[in-house]
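Here the structure is laid out as C-alpha cells; the discussion comes afterwards.
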Amino acid sequence: MEQNIAAGKALGREEGAEFLRSLLDKGLRISTTDSRMFRGTFKCTDPDSNIVLAQTYEYRQPSLHKLAEEAATTVTTNQSDIPSELINTKVKMDMTSRYLGLVVVPGQHIVKIELEQFASQMRV
C-alpha cells in the first residue's frame, strides 16, 4: 500500500519536524520531473527539500530507441504477413532499474513522495 506524503506540507514547524522524524528509516518512493522514480530508505532532508535515500534503486521509463526495437521484433518486415490485430497493438515494456546506493534527490526536481507500507505495517 502507499500513502501520499502531501499532508506533511500543511503542518506547523514542530508538527512537520515530528512528521519527518516518523519517516526516518522508512521506505519512500520519490518521483522526479524527468520521469524517474527513486525507491530507498529515508535518511534525512535539509531546508532546500533535498532528500537523502539509502539503499536506493532508480527506475526509468524505457528509451524511445528500445521501444522502437521491441516494436520491430513484434512486426515482420513484410506488411502482407501482419495480422490486422497486430497493426494497432501497443508495445509495453517494464521500467528499467539499477542500484545506486546512497543518493541525494534535489528538492526542486521532486514531483511526488510516497511512503511504502505493507498492510502488515499499517496501524489498525
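Throughout, read-outs are computed from the coordinates displayed, never taken from laboratory work. Given the structure is predicted, the values throughout are model-derived calculations rather than measurements. So basically every Cβ, Gly included, is an ideal-geometry build from the backbone, and we count neighbours across all protein chains shown.
Taking H placed 1.01 Å from N in the peptide plane, check which residues at least 5 places from Asn50 or on another chain put their amide H under 5 Å from its amide H.
Gly107
According to a simple spin-label model (label point 7 Å from Cα along Cα-to-Cβ), what is the distance in nm between Arg36 and Ser120?
Going from the Ser120 label point to the Arg36 one covers 3.2 nm.
For the ranges 95-102, 40-47, what's the packing order if you count other beta-carbon atoms within 10 Å of each residue, average per peptide, and put the highest first? If you can, show how the numbers build up before the last one.
Numbers: 95-102: 11.4, 40-47: 15.2.
Result, highest mean Cβ count within 10 Å first: 40-47, 95-102.
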